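Worksheet: the structure to be examined is printed underneath.
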């Protein structure tokens, strides 16, 4: 690296750390949070639209919405499947465009009068981004160390001695999720009901996906409780197939540098 | 005055606001020094289960449980891997699905993180879980230091 900053997880020398073991490396991006907010939803109309939050980011962000009242992630993206994307009709759901998060179209009134935690990520879901790959092996486990780095926005006198990781925006006692690849894929009869992504990380990675409108004007919510695809991963590629039926749809995905087979 | 640290992108200056790192922006992160672990890879075996009228067509077994020790209900990322066919599923692993489902998923509440095996006919249909539900599944989980709800929201999430 000619110029920049690298900070590794505790107990691992920066020269021995994998890409996924860097809490900060200015050569790639991280899954940053633009906004976390609790929202009390009022009465949702049966049709039309209902704005949940105006983010005004100027791009379509990844987001998730956890319904605190109902104890489940919300990822409605109501659609009717046909064998081709041309017949894939989007009826409505909870979506984000480049200005706001909102309910649209065929709306589910069961969400009326509930409390949700909305998390909007500072990542453009319609971007095509690939990070450089620097170190993906061999592997070392993070060890407890007295040395490290911490950054916090809290101004209390003892803020740096706070044991709670969520109070820090960066802390070498925590692993941060770095982005390897962000992109969009389409799947229907013309692709063999499959979507293939090259990751080249040397080991299967963790990932998240969300439905999107094929013209990239809006995206559905991430739902880490259940992604409706099966990922068949090798050391270099990931193929997405349907989990319960043929995979038909347009998707935005994020692949992380973090491996699915290792916890280090 | 705003306090913090910024690192610019390559060939950029701090004046244009395009940063590679801005300490005011939080991120998803998982502690690497917790006991029980917040970042781990485990392997679980289920049991054959019989969801029938006697149990309301629903049966659930806990395959793994760990206290998270966090002052909130945390966000969790779980990846199920059938190591024999390189299949990776996020959040749930289905053995069988249809009118009745047999699958693995997770639960997290104010106290613990759990991996559970659910066999359900949704109150209507019987289902005996398949032989493969007793097979080995590898699970990578990350109990993030990011909340989904305050600790006072005590109902369980799955």
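We did not get these values from a lab; they are worked out from the coordinates using the rules stated. The structure displayed is predicted, hence computed values, not measured ones. Quick reminder, even Gly has a Cβ in these numbers, built from the backbone with ideal geometry, and neighbours come from all protein chains shown.
Annotations for the structure displayed:
- The Cα-based radius of gyration and maximum Cα-Cα distance (Dmax) for chain B are 20.4, 69 Å.
- What separates the Cα centres of segment B:87-116 and segment A:190-227 is a distance of 20 Å.
- Mean separation of Cα pairs under 8 Å and 6 or more residues apart, divided by the residue count, gives segment A:1-122 a relative contact order of 34 percent.
- Here the Kirkwood formula puts the hydrodynamic radius of segment A:151-249 at 16.4 Å, using every distinct Cα pair.
- Candidates B:67, B:34, B:114, ranked by Gaussian network fluctuation over chain B, Cα under 10 Å, top entry: B:34
- Share of pairwise Cα separations in segment A:76-173, more than 21 Å, in percent: 67 percent
- Max mean-square fluctuation residue, GNM over chain A, Cα-Cα springs under 10 Å, options A:167, A:55, A:199: A:167
- The Kirkwood hydrodynamic radius of segment B:13-67, based on inverse pair distances between different Cα atoms, is 16.7 Å.
- The reciprocal of the average 1/r between distinct C-alpha atoms defines the Kirkwood hydrodynamic radius, which for segment A:192-264 equals 12.9 Å.
- The alpha carbons of segment A:1-91 stretch over 56, 38, 28 Å along the principal axes, in descending order.
- With the convex hull of the Cα atoms taken as the outline of the protein assembly as shown, the averaged projected area works out to 21.3 nm².
- The ranking of A:187, A:75 from fewest to most other beta carbons within 10 Å of each one's beta carbon is A:75, A:187.
- Among A:44, B:83, B:42, B:115, a tally of other beta-carbon atoms within 10 Å of each Cβ gives an order, fewest to most, of B:83, B:42, A:44, B:115.
- For segment B:1-93, the equivalent ellipsoid derived from the alpha-carbon gyration tensor has semi-axes of 43, 17, 14 Å in decreasing order.
- A Gaussian network model of chain B, with springs between Cα atoms under 10 Å, assigns the largest mean-square fluctuation among B:11, B:146, B:82 to B:11.
- Its relative contact order, with pairs defined as Cα atoms under 8 Å and 6+ residues apart, puts segment B:1-140 at 28 percent.
- Segment B:67-136 pair-distance distribution - Cα-Cα, 10 Å bins, rounded %: 18, 42, 30, 10
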